[in-house]
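These notes are about the structure you will find just below.
The values are calculated or read from the model by the stated rules, or taken from the named source; none is laboratory data. The structure presented is a predicted model; accordingly, all values stated were derived computationally and were not measured. Cβ coordinates were reconstructed from backbone atoms using ideal geometry, including for glycine residues, and neighbour counts include every protein chain displayed. Ligands, DNA and RNA are stripped out before the accessible areas are found, and what is left, the full protein with its side chains, is counted by its heavy atoms. Shrake-Rupley method; radii C 1.70, N 1.55, O 1.52, S 1.80 Å.
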Amino acid sequence: MDNTALLYCCLGCFIAGTVFFAVAYFSFSYYRVRSMEVGFTLLISTLAFLFVLGDALSSFYTILHPAADRAMLFLLLREYTPLASFIVIPVFLGRFLQLEGRIKTLNRLFLGAGILGATAVIVASLLDMDFFLKRDAGSDAVYRGALHLTMEFVLAVYLIYSMIIILLSDIRGRNSFLAWGIFSGVGVAAFVTVYMLYHAIYFGRSSAFIPGGFPGMPLFVSALVLTLSFIVSNHYITRNQKVLDLQSDISSVLYFDAEVDLPNMMSFRKDLQLELEKNTAGGPGFSLIFFDVDDFQNLNESYGETVGDEVLRMLARRMTDNFSSAGDIYRIGGDEFVFLLRNDASRESAGNLTSMIISSIRNPFVVSGGSFALTVSAAILMVPEHGGDLETVMGNAYRAVRSAKKKKNCYVHYDSGLLEGAARKIGAVNLLRGCISKDEFVLFYQPVVDAGGGLLYAEALLRCTNPDPRIGGPGDFIPLIEKAGMMKDLDNLVVRKAFYDMEMKIGKKFGLSINLSAGQFSDPSYGEFLSLFAKQHGIEPDRVVLEITESTLVDNIDLARENMVRLKENGFLIAIDDFGKGFSSLTYLVELPIDILKIDMAFVQAVPGDERKEKVAKYIMDLGRALGLKVLAEGFELPEQVEFFRNYGCALFQGYYFSRPLPLADLLEKYPS
Ligand code: C2E
Ligand code: MG
Ligand code: MG
């Protein structure tokens, strides 16, 4: 047997194996990430696999185990697969590059022509195979027919067309590495195709397919797929790395108060939450000492903020030097500090430590020649006795510190007799139960606008029409309803009203966003229910944004991922609400199918002035860009805030500066078209 032919055959099998590996790798990546980029790569590599498989098996049945009919069958598999490019190329360009205007129309033409052309080639070749591939009866060699040559010519046109479109689109600015990688891949494919065409036309019959000498085309196909796998892996590795880097940058500004060199409120809430979780499993409990400097405002006003800041720095240092062995110290506000005594659940030892802290602070602080004597008011809480969850602990702590402040220069143990608030809450819950049964709720809508102030969509926000002051806004009554287990009724009411408004009053004018509660989000069948309900109202799901708060997400990330994928599969868009409020880990963002990152209001409202939060806001926008998400910031009240975010490339805006939440009729009047 001819050694070249044998080499061809072995190489073909090897290449098919390599490309099969790439297909398996992309399938796994797609299963994990479900991103469009990986889906597309999976599609290309599957086509490439069919191509090289056809090549390997047709050479096997020609060279090692001659069976002309089988060889022809696999040869056809090989030669039909490039037909898929006529559909894949325009679909890819349309979805991945977000084409607009005339280019979009042109691309649709290419897609239509591609579908027709591919079908025509298959039908014509089935009617008369000689037209596509000719078998030489004497030698069993196979040659290209006129139809095949035309197909190659059109393929070259499609490849060159896609190179031009990639060059013209703005994808390079956003995602250059991936785009250039694909661009080069397409460029090489175009070159090989034109080269083969040239060869076939000018050297005519010498372009017999099998036995075919050196396997140029399959080698090229496998090289293309391997390059693609390199590009895609590299893209994801850099993306992950970027997220990790940003996360460490963000944590350093977010969790630490550089001014006094102590961890801050965010850090305290995170650690407290962890301790609370440990104790739900019946841990030994722990204690907290909250303290607040008395009349610190007077010192600031009389001696200036520079002196005030220096005094606080010295106070923080004194406490770290003297008491850090007893527990962790945090600065949770301007002149508020807290000790977390992890392994100490004894009232007495917490009381002794507090006395020592109070007397230590009474020793004057000397700043720029002046001597300043301070006193503090403190409160001690034993957990879980004085609160089993974060908000209760914080609320009780503030209440207790306030009661110590009435006397000043002293400490109190939290006294559950102070719980007048609880009775008020029970009254409010009863009231709300009545409101639900009487349907005393309406939806207001707050616009989300683009950088020029144009309406993009509107967020549905719940309002209770009962004027009783105990009810308050949704920020007050929703947590109460949630705790009382009545949230499902309210959720259904919101979706019903929002979809009704969309069908009957909004029509196709704009889309809506709806806030999902934890209950809705954790229900695995909710996506299907919502999709069915939307269909009944004639609403396309991609006009509905579902807002999920970051805290709901991180509570159970695996379940969240599954449910999010389900909602996404039903066509809804997904936004992460109040992003940045409770950072835990950012790496989850890479894996979740999110469309919009909605920056928490605190970051917008910290502009201008709070450099730390401005920095975090910038990081979040970078993060959004790195992940290819749209970034929406909410809570704009001042023009400087809009300016800052607009300059930094934020695309979506929401806030009183543009519009307060309005009844639908007013919103429709404000944005008539
Ligand atoms: P959210 O989803 O983060 O909604 C944004 C909140 O910020 C709204 O408060 C809105 O009125 C307010 N806001 C918007 N722009 C500005 C601004 O420029 N300055 C200030 N100070 N505030 C601004 P709202 O309506 O009181 O809602 C509070 C929270 O209640 C919402 O936060 C959301 O988490 C929850 N909520 C509201 N409606 C629903 C609902 O239908 N279902 C569920 N599950 N939660 C809801
Ligand atoms: Mg929201
Ligand atoms: Mg929000």
Distance between Cα centroids, region 440-480 to region 238-255: provide it in whole Å. 33 Å
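With every protein chain left in place, what is the accessible area per residue of region 442-598 in square angstrom, probe 1.4 Å?
Details: 6470 Å² over 157 residues.
Roughly 41 Å² per residue, with all protein chains present.
Cα gyration tensor of region 549-673, axes a ≥ b ≥ c as square roots of the eigenvalues: rounded (a/c below 1.5), prolate (a/b > b/c) or oblate? Can you show the working numbers first?
Working: a/c = 2.06, a/b = 1.22, b/c = 1.68.
It is oblate, given that a/c is not under 1.5 and a/b is not larger than b/c.
Roll a 1.4 Å probe over the protein chains and send me the accessible area per residue for region 260-363 in Å².
Values: 4740 Å² over 104 residues.
Value for region 260-363: 46 Å² per residue.
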Output wanted: per-residue J couplings in Hz (rounded whole) for region 597-607, from phi through Karplus 6.51 cos²θ - 1.76 cosθ + 1.60, θ = phi - 60°, x for Gly and Pro. 9, 9, 5, 4, 4, 4, 6, 6, 6, 7, 8
Amide H contacts under 5 Å for GLY511, placed H, 5+ residues apart: ALA458
Trypsin sites (Lys or Arg not before Pro) in region 498-565 lying in a DSSP loop, each with at most 10 other Cβ atoms within 10 Å of its Cβ, come to LYS508
Amide H neighbours of TYR657 at under 5 Å, excluding residues fewer than 5 places away on the same chain, with H built from the backbone geometry, are PHE636, GLU637
With a point put 7 Å past each Cα toward its Cβ, work out how far ARG646 is from ILE436 in nm, to one decimal. 4.3 nm
What does the extension gain come out to for GLU482 and LYS508, with contour length at 0.36 nm per residue minus their alpha carbon separation? 6.1 nm
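Out of the chymotrypsin sites (Phe, Trp or Tyr not before Pro) in region 19-90, which ones are loop residues according to DSSP with at most 15 other C-beta atoms within 10 Å?
Values: sites: PHE20, PHE21, TYR25, PHE26, PHE28, TYR30, TYR31, PHE40, PHE49, PHE51, PHE60, TYR61, PHE74, TYR80, PHE86; in loops: none.
For chymotrypsin sites (Phe, Trp or Tyr not before Pro) across region 19-90 that sit outside H, G, I, E and B with at most 15 neighbouring Cβ atoms in 10 Å, the list is empty.
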Could you work out, for region 14-64, what percent of all Cα-Cα pairs fall into each 5 Å distance bin, beginning at 0 Å and stopping at the bin that holds the largest distance? 5, 24, 23, 18, 13, 8, 5, 3, 1
Hz values of 3J(HN,Hα) by residue in region 658-673 - Karplus curve (6.51, -1.76, 1.60), Gly and Pro given as x: 8, 5, 6, x, 10, x, 4, 4, 5, 5, 5, 6, 5, 10, x, 10
Values of log10 I(q)/I(0), in the order q = 0.10 Å⁻¹, for the chain under a Debye, Cα-only, solvent-free model: -1.04
Accessible area of region 1-62 belonging to carbon and sulfur atoms, whole % at 1.4 Å probe: 75 percent
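Quick one: putting +1 on the C-beta of Lys and Arg, -1 on the C-beta of Asp and Glu, what dipole do you get for region 225-329 around its Cα centre, in Debye to the nearest 20?
760 debye
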Go through region 41-57 residue by residue and turn each phi into a ³J(HN,Hα) via Karplus (6.51, -1.76, 1.60, θ = phi - 60°); whole Hz please, and just put x for glycine and proline. 4, 4, 4, 4, 5, 5, 4, 4, 5, 4, 4, 6, 5, x, 5, 5, 6
For helix 420-437, what angle does its Cα long axis make with the longest principal axis of the chain, in degrees from 0 to 90 and rounded to 10? 40 degrees
Which distance in nm do the two modelled labels at THR465 and SER27 give, with both placed 7 Å along the Cα-to-Cβ direction? 5.7 nm
Helix 146-168 axis, angle to the chain major axis (alpha carbon atoms, nearest 10°): 30 degrees
How far apart, in nanometres, would the label points at ASN279 and VAL157 be if each is projected 7 angstrom from Cα along the Cα-to-Cβ direction? 7.5 nm
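Report the extension gain between PHE323 and TYR671 in nm, rounded to one decimal, defined as 0.36 nm multiplied by the number of residues separating them, less their alpha carbon distance. Write out the running numbers ahead of the final one.
On the way: separation 348, 0.36 × 348 = 125.28 nm, distance 5.96 nm.
119.3 nm is the gain from fully extending PHE323 to TYR671.
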Please give the helix 611-626 orientation as an angle from the longest Cα principal axis of the chain, in degrees from 0 to 90, rounded to the nearest 10. 20 degrees
Excluding ligands, DNA and RNA, the carbon-plus-sulfur percentage of the accessible area of region 442-670 with a 1.4 Å probe reads 52 percent
Distant-in-sequence amide H partners of ALA141 (H built 1.01 Å from N, under 5 Å): ASP136
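How would region 260-381 be classified by its alpha-carbon gyration tensor: rounded, prolate or oblate, with rounded meaning a/c under 1.5 and the a/b versus b/c comparison settling the rest?
Numbers: a/c = 2.59, a/b = 1.92, b/c = 1.35.
The shape class here is prolate.
Per residue of the chain, what 222 nm ellipticity follows from adding -39500 (n - 2.57) for every DSSP H run with n ≥ 4, rounded to the nearest 500? Mind showing how you got there, number by number?
On the way: 25 runs with 396 residues, N = 673.
Using -39500 (n - 2.57) per qualifying helix, the result is -19500 deg cm²/dmol.
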